[in-house]
Amino acid sequence: SIKCLALLLSVLGFSSACFGQNPLIRDQFTADPTARVIHGRIYVFPSHDIKCDSTQGRPDWFCMEDYHVFSSSNLTDWEDHGMILSQYQVPWADSESFSMWAPDAIEKDGKFYFYFPSKAKTRELENDAPGVNGSSFKIGVAVSDQPGGPYTPENQPIAKVDGIDPNVFIDHDGQAYLYWSQHHFYGAKLKPNMKELDSEVFTLKEFPAKGLKEGPFVFERNGIYYMTYPHVANKTERIEYAIADNPLGPFEYQGVIMDESPVGCWTNHQSVVEFEDQWYLFYHHNDYSPDFDKNRSIRADSLFFDQEGKIQKVIPTLR
Ligand code: FUB
């Protein structure tokens, strides 16, 4: 069963799972998974890696033109809800850049909000001052009445947001926060419409200055706010976390959730979710593309907390 080995390893101070199904999606490349529980099912909103040829993007780089969403009632059988948004549908996106990187999605008041980065057309940059690091990546939002889409994008990216890897967290009081990364982590309150910032942009500077860090994902458990993120402390990304007593920190570093990929995938990218009384770490490796780590596959393993709320290290289960 899913929990047998997980429970044994938990006793030993590690966590893992008996899925036997990693990677989760086997007919296409997927990466950067955000998992959410919606109406009793697990929905996963990942990136969609494809292979670029010389007429598209950069053949040796990430190539991503659209998103699919997947759902499951048992973490084993996955339904592909099809393509929910493509770069060609987003009025502000540079549809020659194939840069629809890591997304996030969340439900609020019966509507579903899908957040995604993309390189923007030049004229969009002229309308909104370039970000602190001059990034051409913007973050957009698209809305649907159902989690499986299709999603309708807003005409403009979210103003004052420059960077990648959007993450949205809604606190118990209903206040929504948007996080993103661009060398540092940034955060801001969102308006109730979920489409505009409602505060200044906070720079979360308490994270390691050395080594790339990206992919912030925030969740709350027992009054502790956890910020999880991939960080290059050595050669490739490992998943770390920090905690705070409120959504905008300051966060205090706690440790490593998952070590560098054992199969040489340079990136990793995570989300953490509780489903049917078990916590899970969703992440990616390059199981189906060992020689090209920009074609990745999403995975999940059980995750455990100790009595103080510290996260035990997750050891990836291989096939
Ligand atoms: O998928 C493209 C980029 O790779 C993501 O935005 C990063 O988090 C890394 O996983």
Please find, within region 230-264, the residue that is nearest to Ser297 (Cα to Cα) out of those that are hydroxyl-bearing (Ser, Thr, Tyr) and at pLDDT 95 or above.
-> Thr236
Is there a residue being touching a residue at least 40 places away in the same chain (Cβ under 8 Å), under 20 Å from Ala31 (Cβ atoms), in contact with an Asp or Glu (Cβ under 8 Å, 6 or more places away or on another chain) and buried (at least 16 other Cβ atoms within 10 Å of the Cβ) anywhere in region 237-253?
-> no
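Considering only region 17-54, how many residues are small (Gly, Ala, Ser), modelled with pLDDT under 95 and surrounded by fewer than 22 Cβ atoms within 10 Å (Cβ to Cβ)?
Within region 17-54, residues that are small (Gly, Ala, Ser), modelled with pLDDT under 95 and surrounded by fewer than 22 Cβ atoms within 10 Å (Cβ to Cβ) number 2.
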So which residues in region 22-40 are farther than 18 Å from Gly110 by Cα and not in a strand (DSSP E or B)?
-> Asn22, Pro23, Leu24, Ile25, Arg26, Asp27, Gln28, Phe29, Thr30
Somewhere in region 206-216, is a residue out of contact with any Lys or Arg (no Cβ under 9 Å at 6 or more places or on another chain), part of a strand (DSSP E or B), modelled with pLDDT of 95 or more and away from the ligand (no atom under 15 Å from the Cβ)?
-> no
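Here is a yes/no grid of residues against (1) within 16 Å of the ligand (Cβ to nearest atom); (2) within 19 Å of the chain's Cα centre (by Cα); (3) surrounded by 14 or more Cβ atoms within 10 Å (Cβ to Cβ); (4) under 20 Å from Asp32 (Cβ atoms):
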site	(1), (2), (3), (4)
Ile257	yes, yes, yes, yes
Ser261	yes, yes, yes, yes
Val273	no, yes, yes, yes
Pro290	no, no, no, yes
Asp293	yes, yes, yes, yes
Ile298	yes, yes, yes, yes
Phe304	no, no, yes, no
If you go through region 92-108 one residue at a time, do you hit one that is closer than 26 Å to Asn22 by Cβ, buried (at least 20 other Cβ atoms within 10 Å of the Cβ) and away from the ligand (no atom under 16 Å from the Cβ)?
-> yes
Residues within region 159-184 that are touching a residue at least 24 places away in the same chain (Cβ under 8 Å) and either within 25 Å of Phe70 (Cβ to Cβ) or of a type in the set (Gly, Ala, Ser) (or both), tallied = 14
Residues in region 268-275: is at least one touching a Ser or Thr at 6+ places or on another chain (Cβ under 8 Å) and of a type in the set (Gly, Ala, Ser)?
-> yes
Collect the residues in region 172-194 that are assigned to a loop (DSSP other than H, G, I, E, B) and under 18 Å from the mean Cα position of the chain (by Cα), keeping them in residue-number order.
-> His183, Met194
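The values are calculated or read from the model by the stated rules, or taken from the named source; none is laboratory data. For clarity, every value in this text was computed on a predicted model and none was experimentally measured. Heads up, the Cβs are rebuilt from the backbone with ideal geometry, glycines too, and the neighbour counts pull from every protein chain shown.
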